[in-house]
Amino acid sequence: MSRHFADLRAPEAAGLSPDAVAVLPIGSIEQHGPHLPLSTDLVVAETLARDAVDTFGDACDLWLLPALAYTKSNEHAWSPGTMWLSATTLLAVLDDLARCLATTPVRRLVFLNGHGGNSALLQVASRDIRLAHGLSTFVMHPSLPADHG
Ligand SMILES: [Zn+2]
């Protein structure tokens, strides 16, 4: 069975458990030096999220959301190829996605963040989403143990 949220049919999404955990990979499209692709953070976040859901999905009732590629990378705005959203826009996008998730029974949302420039904003978004939509939110980073992120 696929644990990709986007593969569900609407009645299946409506039948998810309140104990289910939605995992949203958060990447970036930005310069990573002359040797790596613009998608580096996206690939890291997406791959780790997919592997985690494939490995622990059944045991922990994880559901993989489609990754968010464009995020807050204005620290790399000087570099051609960097595609970024303003903090205001990204907060609005995250709030919109959480509002939509909250129409399902799912009450847990993990941001698996591959880009350090998003970290502070994701903490703010997490608190706002908890208050506005009643979801439990978590911010995780590929390079940090869970108790540090
Ligand atoms: Zn980055």
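Each reported figure results from applying straightforward, stated rules to the coordinates on display, with no laboratory input. If you're wondering where the values come from, they're calculated on a predicted model, not measured in any experiment. Here the Cβ is made from the backbone with ideal geometry for all residues, glycine too, and neighbour counts use every protein chain on show.
Here the chain is treated as a sphere whose radius is the Kirkwood value from Cα pairs; by Stokes-Einstein at 20 °C and 1.002 mPa s it diffuses with a coefficient of 137 µm²/s. Between helix 87-101 and the chain there is an angle of about 20 degrees, using the helix long axis and the longest principal axis of the Cα atoms. Principal-axis analysis of the Cα atoms of the chain puts helix 119-133 at an angle of about 30° to the longest axis.
Computed from label points 7 Å out along Cα-Cβ, the spacing between residue 2 and residue 143 is 3.3 nm.
Legend: calculated FRET efficiency, residue 86 to residue 19, from the Cβ-Cβ distance at R0 = 22 Å, rounded to 0.05, equals 0.05. Near the amide H of residue 139, within less than 5 Å, lie the amide hydrogens of 111, all on another chain or at least 5 residues away, with H placed in the peptide plane.
Would you mind getting me the FRET efficiency between residue 58 and residue 100? Use the beta-carbon distance for r and R0 = 25 Å, nearest 0.05. The formula returns an efficiency of 0.55 here. Return one number: the angle in degrees, 0 to 90 and rounded to the nearest 10, between the long axis of the Cα atoms of helix 40-60 and the longest principal axis of the Cα atoms of the chain. Compared with the principal axis, the helix lies near 20 degrees.
Report the paramagnetic label zone for residue 136: residues of the range 78-102 whose backbone N is under 20 Å from a point 7 Å from Cα along the Cα-to-Cβ axis. Residues passing the 20 Å test: 98-102. Only the Cβ atoms of Lys and Arg (+1) and of Asp and Glu (-1) were treated as charged; on that basis the dipole of the chain about its Cα centre amounts to roughly 300 debye.
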